[in-house]
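All remarks here apply to the structure that follows.
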Amino acid sequence: MCGIIGYNGTAQATPFLLDGLKKLEYRGYDSAGIAVSDTDGIKTEKRKGKIDALASAVRKRNDMTGTIGIGHTRWATHGAATNSNAHPHKSGKFTIVHNGIIENHKELKEKYLRLCRFDSDTDTETVAHLINRHYSGNCLEAIAQTARLLEGSFALAILCEDEPNTIFCAKKSSPLLIGVGDEASVASDISAISRKSDSLYRMDDGEIAAIHKNKVEFYDFELNEKAKSASPFTAGNNTSEKGEYEHFMLKEIFEQPEAVRKTVEAYIGADKAELLQQIKKPTGIYIVACGSAYHAGLIGRICIEKLTKTPTSVETASEFRYSDPLIDENTSVIIISQSGETADSLAALRLAKSKGAKTIAIVNVPESSIALESDFAIYTKAGAEIAVATTKAYSAQLAALYALSIHFARIWQTADSKLLNTLEQSLEQLHENIREALCLEKQMKEIAQHMQNTQHTYFIGRGIGFAVAAEASLKLKEISYIHSEAYAAGELKHGTISLIEKGTKVFAVCTPDTPEAKIQSNIDEVAARGANVIAFTSSPNIKANTTVISTTASHPLFSASTQVIPFQLLAYYTAKLRGCDIDKPRNLAKSVTVE
Ligand code: M6R
């Protein structure tokens with residue numbers, strides 16, 4: 001979802017900005033643009049579509065020179081994906097890029113900008129005009145006055161013709177990082193920060209930054225100067241290449257054994273539970289997340305309730321945040337997020353904290369807002385995940401949830417220690433079980449051949465199987481654009497079974513936690529209505545039109561981790577055969593930083 005990049009150094013800004021935009025591409029976008037400042041002013045180029053279209057427009061102009069500039073990838077919210085709606089936007093001497101949503105842009109326009117001519121349908125242009133309207137020779141003042149008026153979320157990078165050596169930034173609720181060293185850079189995420197940085201600053205809400213070539217100054221929205229400490233910048237994990245793989249998604253699918261091994265290694269073992277000693281047994285637990293992270297939460301609930309006997313509910317963050325949830329200081333709230341920047345999950349975390357709950361984040365990006373704002377952070381060790389469709393981060397989330405359930409059960413003494421030892425041993429083998437499950441690749445490729453012209457599919461399961469079905473269905477629809485629904489197998493007969501007709505593809509996820517006879521009878525029900533049922537099971541007893549014998553985890557409680565693998569491969573190969581943009585599916589963003 002919208003990405004911001006900025007450069008202030010001694011080299012040419014344009015190549016850095018275009019390269020940075022490529023690095024931010026995975027967040028999802030539908031247009032892109034850059035602005036570069038030189039002695040003859042600020043030049044802007046923006047294009048609907050891919051960054052390559054922007055790059056070729058920039059090359060043709062041949063005048064985008066200068067050592068300071070800003071850039072943007074836009075994921076349309078206000079106004080269609082067009083050249084004029086693409087950022088940067090200009091007003092007077094100011095050129096700006098923005099990530100977030102200005103919720104009161106209509107009121108602001110009505111109140112302050114009635115006489116302004118707007119060139120776009122965006123909320124962002126309102127900000128540009130407001131800054132310009134408040135400008136009387138002092139950029140910081142104009143920006144601060146504007147920032148105080150804005151409601152909603154914003155990360156802004158701003159160039160002003162009168163201060164050609166500075167990039168100004170302002171932030172509320174949307175992420176912005178600044179790297180400083182031989183050159184300065186600013187970006188929505190760490191992957192695009194200059195490798196020449198020594199120090200990294202993470203802007204806080206309510207801050208304005210003035211980024212000079214080799215230093216940065218911070219202010220609050222009242223323009224009080226702020227002392228701020230930087231963390232050392234390490235390029236370490238920031239490089240992401242596809243290597244021998246055609247797509248990041250396939251690479252990441254095959255990185256799952258390592259992601260799980262590292263996550264388990266980091267958190268399993270009695271000594272690692274120290275951090276959590278402070279969490280007393282709560283009266284209730286909420287798990288809150290979005291999308292696949294929510295699906296991981298469904299599995300987490302099963303494990304936590306089984307091992308800790310604590311009532312646990314799983315909520316999508318977008319619903320939770322407005323549901324007036326029953327939370328107090330005796331509640332624990334677990335927020336799961338790969339990016340750690342998902343706007344709804346972050347809002348849910350803040351709500352839970354405001355009500356006094358203990359908050360625990362399961363998060364993949366250690367520098368993210370969710371990681372930093374939670375009381376306790378458990379890091380999934382998946383490394384950078386680039387494909388929009390999550391695979392290895394989801395698997396690492398499951399591993400973290402298993403480890404967390406075991407820790408809680410030990411600390412709160414809610415499960416037999418022999419059982420917990422057995423579970424720990426199984427968890428240590430989980431990466432091997434996943435490696436075996438990856439051997440189903442060839443079979444999934446074959447099944448994908450029959451999916452090419454499919455229009456509707458259903459994934460059914462019970463217990464853990466249902467939670468896996470939910471993730472399998474999401475994976476297929478988000479990258480192959482085949483309509484798919486996940487259903488609790490026993491629930492079909494209450495309505496949805498009327499959609500089953502001759503040839504409808506139904507994938508049955510049979511996990512060892514529910515009686516075989518129950519899922520078998522659900523398979524028979526849809527088969528009797530003409531469905532073509534493909535069952536995934538480790539049991540030879542399950543009968544369907546096609547039965548895929550899948551690897552199972554060494555403990556049934558962890559079976560989601562192996563069962564999900566073939567479905568990721570199925571989604572991948574189906575999308576590939578259908579010619580879809582696998583790593584960057586249409587309309588989607590990797591990190592959903594707006595509500
Ligand atoms: O970064 P997060 O884990 O908070 O993201 C949550 C969802 O947006 C994410 O899991 C999404 O559903 C994935 N693209 C699904 O593959």
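Identify the chymotrypsin sites (Phe, Trp or Tyr not before Pro) of the stretch 320-427 meeting these criteria: DSSP loop state and at most 13 other C-beta atoms within 10 Å of the C-beta.
Values: sites: PHE320, TYR322, PHE376, TYR379, TYR394, TYR402, PHE408, TRP412; in loops: TYR322, TRP412.
Taking the stretch 320-427 and a limit of 13 other Cβ atoms within 10 Å, the loop chymotrypsin sites (Phe, Trp or Tyr not before Pro) found are TYR322.
Expressed in nm to one decimal, what extension gain is obtained for the pair SER229 and GLN443 from 0.36 nm per residue of sequence separation less their Cα-Cα distance?
My answer for the length gained is 71.8 nm.
How far apart, in nm, are the 7 Å Cα→Cβ label points at GLU305 and GLU436?
2.9
List the trypsin sites (Lys or Arg not before Pro) in the stretch 94-174 that DSSP assigns to loop (not H, G, I, E or B) and whose Cβ has at most 12 other Cβ atoms within 10 Å. Which are they?
Qualifying residues, ordered by number: ARG114, ARG117.
With the crude spin-label approximation of a point 7 Å out along Cα→Cβ, what separation in nm comes out for GLU329 versus SER354?
1.9
Can you tell me the FRET efficiency between GLU516 and ALA11 if r is taken as the Cβ-Cβ distance and R0 is 56 Å, rounded to the nearest 0.05? Walk me through the numbers before you get to the answer.
Working: r = 64 Å, r/R0 = 1.15.
FRET efficiency, GLU516 to ALA11: 0.30.
Run the reach check for LYS493 against aspartates and glutamates, Cα to Cα strictly under 13 Å, same-chain hits fewer than 8 apart removed. What comes back?
Within the straight-line limit of under 13 Å, LYS493 reaches these aspartates and glutamates: ASP524, GLU525.
Starting from the 7 Å offset along Cα-to-Cβ, what nm value, one decimal, do you get for the label separation of TYR245 and ASP524?
It works out to 4.1 nm between the two label points.
On full extension of the chain, what length is gained from ASP40 through GLN425, given 0.36 nm per residue of separation minus the C-alpha to C-alpha distance?
Full extension from ASP40 to GLN425 adds 132.0 nm.
Need one number: % antiparallel among DSSP beta bridges in the chain, to the nearest 5.
Values: 64 of 105 bridges.
Just about 60 percent of them are antiparallel.
Would you kindly state how much longer the chain becomes between ASN214 and LEU577 on full extension, computed as 0.36 nm times their sequence separation minus their alpha carbon distance, in nm to one decimal?
That works out to 125.8 nm of additional length.
Using a 1.4 angstrom probe, figure out how much accessible area the stretch 302-461 has per residue, in square angstrom, rounded to the nearest whole.
Ligands and nucleic acids excluded, the figure is 37 Å² per residue.
Below 8 Å between Cα atoms, with a sequence gap of 6+, how large is the relative contact order for the stretch 3-232 in percent?
Across the stretch 3-232, relative contact order equals 20 percent.
Report in % the part of the accessible area of the chain that belongs to carbon and sulfur, leaving out ligands and nucleic acids; probe 1.4 Å.
Details: 10830 of 22700 Å².
Of all accessible area on the chain, carbon and sulfur atoms account for 48 percent.
Which FRET efficiency value, to the nearest 0.05, is calculated for GLU485 and ASN587 with the Förster distance at 22 angstrom and r the Cβ-Cβ distance? Please list the in-between numbers first.
Numbers: r = 19 Å, r/R0 = 0.85.
Rounded to the nearest 0.05, the efficiency is 0.75.
I'd like the distance between the alpha-carbon centres of the stretch 99-175 and the stretch 403-464, rounded to an integer number of Å.
Answer, in whole Å: 48.
The values are calculated or read from the model by the stated rules, or taken from the named source; none is laboratory data. Here the structure is a predicted model, which means the values were calculated and not measured. Please note: Cβ atoms are built from the backbone with ideal geometry, for glycine as well, and neighbour counts cover all protein chains shown. Ligands, DNA and RNA are stripped out before the accessible areas are found, and what is left, the full protein with its side chains, is counted by its heavy atoms. Shrake-Rupley method; radii C 1.70, N 1.55, O 1.52, S 1.80 Å.
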